[in-house]
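One structure is given below, encoded as structure tokens.
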Amino acid sequence: MKITYRPEIDGLRAISVVAVILYHAQITIFGHQPFKGGFIGVDIFFVISGYLITSIILRELVATGSFSFKHFYERRIRRILPALLFVMLASLPFAWMYLLPNSFIDFSKSILSSLGFSSNFYFRYPPHTYGPPSTFLMPFLHTWSLSVEEQYYILFPIVLLITFKYFRKYLIHILILGFVISLGLADWGSRNHPSLNFYVLPTRMWELLAGSILAYFEITKGYRSKYQAFNLVMPSIGLFLIGHSILFFNDKMFHPSFYTLSPIIGVCLIIWFSYKDELITKILSTKLFVGIGLISYSLYLWHYPIFAFGRAVEIFSKDVLIYLLIITITLSIFTYYFIERPARNKNNKFQTIAIIIIILVFGLLVLNSKIIYQNGYQKRMPKILDIYKDKVLRDDNFTRCGSDVECYFNKSSNKKIFIIGDSLMGNLIYDLKDKVVNLNYQFITFIKNGCLYFPDFTMLNSTRCTSDYFNKLENILLKESDSIFILGGKFNFYLLNNQNFISDKNVFSNILMSFRQSLLKLSKKNKIIIIYPIPESEHNIPKKLFNSIPKEFLLIKEYLQIKNYITIPFRDFKEKSKKSFELLNSIKGKNIYRVYPHKAFCNTIIKDQCLTHDDKYIFYRDNTHLSPKGAEMVNNLILEELKKIKLQSK
């Protein structure tokens, strides 16, 4: 039973891929990003996939009573792998040229996990949480959705065949039950485990099953909607729901969750009620929409690595975006006509295609395994950039320390030093731990990425920085006496961008007041060392430095001396940090001590500039986080304050 071609489905694909591309392009108009909900395009893809795959399987089952797994997986392999492998191979040289070792290793791990249909599990762990700027630098982050679909392609045909053969009477009930359970799990997961919830099949299954349910009713009834009034109105409502989601959703919302029902219903309305004489169907069936829909898979594959490499070399801007889009479209058209179509052409023997795929997969496995084994080929870089060796810090009980895990060192000492804050403070702990323990202090870490210590501040739509976390931490700290608290973080970010978290100015003022009061309360029985803002660059320092060095010098690094310093204007730092200084200066008391990191980096070699590196060391891992050398420089300032505290205690 052959499936009738529906051009409006390709039109829907066009909307979904364009939405995703616009979202990843981060286009800003008058300071506003109008396509913040463009990520919803992936959800549209899932519904379409569920509808088409179920239609293929169910029509064959109804017509023949059986199902050919061989033919099904052959079609899937022809459809997915050739283009994917081509994009992976084409990306490797650019990764070699433009990615620093840690990013290069991450790149290879993402390819290997994608080849194993499991990149969604790889990316579900921090720092890969979808949406933050750092994730836009990962060339194959977008393959997570392919892995979800591939897992669906493996499991769903088996489940559908068993259900059809033995529980045919209850097939629709099982599909609906699966939809309800998956949706409920997604809504719960969006609030409790947002990263896992975003990436895994169980919480995405309901979107695929929405399409499956449509396919079931169409096949069992033999038709879709026969109500002309609905046919005229519903596709327009469906398009409105999709458009509303793309324009008004954002990546801080709970997703996927009950909120996501809106665009999913919109897609379902178009699929079910569209017919050839209806306006929306006509629009989606035009050559433009269908053409984009036909190359949508290649567009999806190409756009993300092209954007990521553009950001890696720091050429990604409004002026350059149009050229990157032209490159994306050109490569997508080429891939469609010279890779996708030949691979899907039944005149080309599958055995030949399979052999080529096996060779390419083997080649990618070997190359990327070697990249990981060689630690990202650090010899590509001059010594000054050799800052990417992994550090693992474990406490006395062998617990791995860092984000979200509090650790205790030198527990036998009664003198305690706590370090509290976000990832900026986390960078300090590796060097600071040894210095503190050598002074016979107990060293305790309370680091949580993205969570500055604001006791009454729970970031909107975030399950990381919760009031429970802050209340627990504050209660622990309030029980202490004669201890030292080292506290800091990315104050500039929160104070300059508070509208992204708390739109009500009065509420945010109360949060700041609570922060002051909390520190004053803690300082009554303890000493507090406040770490003031660390100078931040507009550039990712290692990438900027790496890309500024002529490539012909990379392999003769013993002759390389870098005198063209990358700096941060001190005036810019002062302006950006003004609110942070005002807040921190307002906290007064005899037990308050202050560390000014800019004293280590600014006005040292070049007047009125903050240095990001010298001829021997680089001080930053990116635009804000310090390298081991940079952390050591700040920690030396902290040690000076500890000496003052020790002297005053005598």
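Some points to look at:
- Residue ID - surrounded by the most Cβ atoms within 10 Å (Cβ to Cβ), chosen from residues in region 18-60 that are more than 18 Å from the chain's Cα centre (by Cα) and more than 18 Å from Ala210 (Cα to Cα): Val18
- Positions within region 579-588 being surrounded by fewer than 13 Cβ atoms within 10 Å (Cβ to Cβ) and either small (Gly, Ala, Ser) or within 34 Å of the chain's Cα centre (by Cα) (or both), in sequence order: Glu582, Ser586
- Region 61-74, residues that are surrounded by 15 or more Cβ atoms within 10 Å (Cβ to Cβ) and either hydroxyl-bearing (Ser, Thr, Tyr) or part of a helix (DSSP H, G or I) (or both): Leu61, Phe72, Glu74
- Residue match in region 8-21 (condition: modelled with pLDDT of 95 or more, out of contact with any Gly (no Cβ under 8 Å at 6 or more places or on another chain) and assigned to a helix (DSSP H, G or I)): yes
- Scanning region 263-287 for residues being open to solvent by 10 Å² or more (accessible area, probe 1.4 Å), of a type outside the set (S, T, N, Q) and either within 19 Å of Val47 (Cβ to Cβ) or in contact (Cβ under 8 Å) with a residue 12 or more places away in the chain (or both) gives a total of 9.
- The condition of being closer than 30 Å to Lys109 by Cα, open to solvent by 70 Å² or more (accessible area, probe 1.4 Å) and not charged (D, E, K, R) holds for only one of Ile176, Ile154, Ile181, Ile162, that being Ile154.
- When the test is whether a residue is over 29 Å from Ile21 (Cβ atoms) and not small (Gly, Ala, Ser), Phe45 does not pass it.
- Subset of region 599-621 (residues that are surrounded by fewer than 18 Cβ atoms within 10 Å (Cβ to Cβ), in contact (Cβ under 8 Å) with a residue 60 or more places away in the chain and either of a type in the set (Lys, Arg) or in contact with a helix residue (DSSP H, G or I) (Cβ under 7 Å, 6 or more places away or on another chain) (or both)): Lys616, Tyr617
- Within region 95-115, if we keep just the residues that are of a type outside the set (A, V, I, L, M) and within 26 Å of Ile77 (Cα to Cα), the residue that is modelled with the lowest pLDDT turns out to be Asp106.
- When residues in region 622-650 are screened for being open to solvent by 60 Å² or more (accessible area, probe 1.4 Å) and part of a helix (DSSP H, G or I), 9 of them pass.
- Residue list for region 234-262, restricted to those being assigned to a helix (DSSP H, G or I) and touching a residue at least 40 places away in the same chain (Cβ under 8 Å): Pro235, Ser236, Gly238, Leu239, Ile242, Ser245, Ile246, Leu247, Phe248, Phe258, Thr260, Leu261
- In region 401-430, the residue that is least open to solvent (accessible area, probe 1.4 Å) out of those that are among the charged types (D, E, K, R) and farther than 25 Å from Phe493 by Cα is Lys416.
- Any hit, region 281-292, residues being more than 15 Å from Ser16 (Cα to Cα) and touching a helix residue (DSSP H, G or I) at 6+ places or on another chain (Cβ under 6 Å): yes
- Any hit, region 460-467, residues being open to solvent by 20 Å² or more (accessible area, probe 1.4 Å), at pLDDT below 75 and over 22 Å from the mean Cα position of the chain (by Cα): yes
- The single condition among (1) farther than 18 Å from Tyr23 by Cα; (2) of a type outside the set (Val, Ile, Thr); (3) in contact with a Lys or Arg (Cβ under 8 Å, 6 or more places away or on another chain) that Ser296 does not meet is (1).
- Among the residues of region 219-233, those identified as part of a helix (DSSP H, G or I) and out of contact with any helix residue (DSSP H, G or I) (no Cβ under 7 Å at 6 or more places or on another chain) are Thr220, Lys221, Gln228, Ala229, Leu232, Val233.
The values are calculated or read from the model by the stated rules, or taken from the named source; none is laboratory data. Keep in mind that this is a model prediction, so the values were computed, not measured. Positions of Cβ are generated from backbone atoms using ideal geometry, with glycine treated the same way; all protein chains shown enter the neighbour counts. In case anyone asks, the SASA skips ligands and DNA or RNA and just uses the protein heavy atoms, side chains included. Shrake-Rupley method; radii C 1.70, N 1.55, O 1.52, S 1.80 Å.
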